[in-house]
1. Taking Thr403 as the residue in question, decide whether it is surrounded by fewer than 21 Cβ atoms within 10 Å (Cβ to Cβ) and either over 30 Å from Asp335 (Cβ atoms) or modelled with pLDDT under 95 (or both).
2. Have a look at Ile387, Ile327 and point out the one that is under 24 Å from Arg417 (Cβ atoms), of a type in the set (A, V, I, L, M, F, W, C) and in contact with a Cys (Cβ under 8 Å, 6 or more places away or on another chain).
3. Just give me the residues in the stretch 312-326 being part of a strand (DSSP E or B) and either on the phi > 0 side of the Ramachandran plot or crowded, with 24+ Cβ neighbours inside 10 Å (or both), in sequence order.
4. Suppose we filter Ile487, Ile416, Ile411 for residues that are modelled with pLDDT under 95 and of a type outside the set (Lys, Arg); which single one remains?
5. The conditions are (1) touching a Pro at 6+ places or on another chain (Cβ under 7 Å); (2) in contact (Cβ under 8 Å) with a residue 60 or more places away in the chain; (3) of a type outside the set (Phe, Trp, Tyr), and His426 fails exactly one of them. Which is it?
6. Take Gly333 and tell me if it is buried (at least 22 other Cβ atoms within 10 Å of the Cβ), over 13 Å from the mean Cα position of the chain (by Cα) and modelled with pLDDT of 95 or more.
7. Hey, can you tell me all the residues within the stretch 337-351 that are buried (at least 22 other Cβ atoms within 10 Å of the Cβ) and within 24 Å of Ser442 (Cβ to Cβ)?
8. Return yes or no: is Cys476 crowded, with 16+ Cβ neighbours inside 10 Å and either of a type outside the set (S, T, N, Q) or under 25 Å from Ile194 (Cα atoms) (or both)?
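The values are calculated or read from the model by the stated rules, or taken from the named source; none is laboratory data. Keep in mind it's a predicted model, so treat the numbers as computed, not measured. We place every Cβ from the backbone using ideal geometry, glycine too, and count neighbours over all the protein chains shown.
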Amino acid sequence: MSGLSFRGFTYMLLIAFLIWSFNFEACIARRGKHWRQSRDVSASVYKKKGKNYGNAHNKYHGGGSKSKPPSSHKGTPTLPKPPPQHKNTPSPPYPTPPSDDTPTTPPPKAYNGGGHSSATTFNVLDFGAKGDGKSDDTKLDGTIVAPTSPKAWGKGLLQWLEFSKLVGITIQGNGIIDGRGSVWWQDNQYDDPIDDEEKLIVPLNHTVGSPSPPLPIQSEMGGKMPSVKPTALRFYGSFNPTVTGITIQNSPQCHLKFDNCNGVMVHDVTISSPGDSPNTDGIHLQNSKDVLIYSSSMACGDDCISIQTGCSNIYVHNVNCGPGHGISIGSLGKDNTRACVSNITVRDVNMHNTMNGVRIKTWQGGSGSVQGVLFSNIQVSEVELPIVIDQFYCDKRTCKNQTSAVSLAGINYERIRGTYTVKPVHFACSDNLPCVDVSLTSVELKPIQEQYHLYNPFCWQTYGELKTPTVPPIDCLQIGKPTNNRIQTDHDLC
């Protein structure tokens, strides 16, 4: 690696070592306050301009300008006021700090990068850290840059930077975490799953098609990157983790992931990757509860925010998305699994040049439920498919038909406005378990014909209510409830 790369990567190892290796007691902290006693585990990154390692062209969106980021919130962030409540409207989460007697799990032993002999450990005490509970040990500045040598990754890792089983961990600063993902995208582009909504997008006169295979970008010292791509930054099993101020760019795969976390807060974060970078989700949530995401901008090659099974009390507001595939719940129920998602609010969002706007996607054969969802005040600009429910999702060549499905109920859309380039509404619900209690209020979507065929709204097995007239008219929505709706079994319910 270059001197800058080595320096940046070294600093992250230092921070990780501080978290994992010191023989402290378990950490307990409160939001917006200093760590108590000798428990400071806050990371700060100095901002430096990074290069764009992505491709110049955009497969789906033809580039396009980025939306202006929302205004930053200075100082300690405050929780927003809850949205007005009505039937089937979820309540936003309000993460609370742990009590002094909260049981904790000791941090795991230091990870040696997969057991490779080339792994190196650095002691932060050699670089000025005190660890005495009084000194500020967060001034370890530097841009964090991932290695591009295949040897550094061995057979591949699922995550690059990981924080596990912590309480009150905060990552803050104005710097950059750069995954330098282009070497991964080029090496393994044809092995990646596809977004199933591509089947709905038909080019005019076949002027837009699959691009020619790009020229390969060589990794350091030649060779091919592993097929397993890492997430740039992952939190696992943590309580009250906060990420604020930083930029995460060009991740090989997902940029920021929270698994089995409670009380998550993300704000004033920038995520940036090219629109044609494969499977580069912005923020990925799974089995996490009480999550607040706001005042952030995301540009990537997949979902700006992906909400997976086991998530509840998720509140997203005042974010920009584009390019990317929109904000999605799912995909859920893959390989006949049970999925449970509830109490989701997404509001005050700008989307520009995205494939989808707000989407729910589930596989045939799954079980469980999605309920209590509100998409409100979503402004879309040149979005291909602004409103999508797809219960026949399939990211492979073919998928077999199955009767069981994840049930969808209490899905509310209000003030979805702007322009679309393919189809304003696509509701494809299960034959055996239709979508119910779907409501639309103040939906105003106008077509712009650019490079794709335009289609009318589509509904299949979708029941609910038009609370106001819509533009265009969504006459395909069936009013009321289905007469032959199958009764859910205990296996379906969450």
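1. Numbers: surrounded by fewer than 21 Cβ atoms within 10 Å (Cβ to Cβ): yes; either over 30 Å from Asp335 (Cβ atoms) or modelled with pLDDT under 95 (or both): yes.
So Thr403 passes the test.
2. Values: Ile387 fails: in contact with a Cys (Cβ under 8 Å, 6 or more places away or on another chain).
Going through Ile387, Ile327 in turn, the sole match is Ile327.
3. Within the stretch 312-326, the subset part of a strand (DSSP E or B) is 312-321, 324.
Listed by number, the residues that qualify are Asn313, Ile314, Tyr315, Val316, Asn318, Val319, Cys321, Gly324.
4. Ile487
5. (1)
6. Working: buried (at least 22 other Cβ atoms within 10 Å of the Cβ): yes; over 13 Å from the mean Cα position of the chain (by Cα): yes; modelled with pLDDT of 95 or more: yes.
Spelling it out, Gly333 is indeed buried (at least 22 other Cβ atoms within 10 Å of the Cβ), over 13 Å from the mean Cα position of the chain (by Cα) and modelled with pLDDT of 95 or more.
7. Step one: list which residues in the stretch 337-351 are buried (at least 22 other Cβ atoms within 10 Å of the Cβ), which gives 339, 341, 344-346, 349, 351.
Once the filter is applied, which keeps residues that are buried (at least 22 other Cβ atoms within 10 Å of the Cβ) and within 24 Å of Ser442 (Cβ to Cβ), the stretch 337-351 yields Ile344, Thr345, Val346, Val349, Met351.
8. On the way: crowded, with 16+ Cβ neighbours inside 10 Å: no; either of a type outside the set (S, T, N, Q) or under 25 Å from Ile194 (Cα atoms) (or both): yes.
Against the criterion (crowded, with 16+ Cβ neighbours inside 10 Å and either of a type outside the set (S, T, N, Q) or under 25 Å from Ile194 (Cα atoms) (or both)), Cys476 does not qualify.
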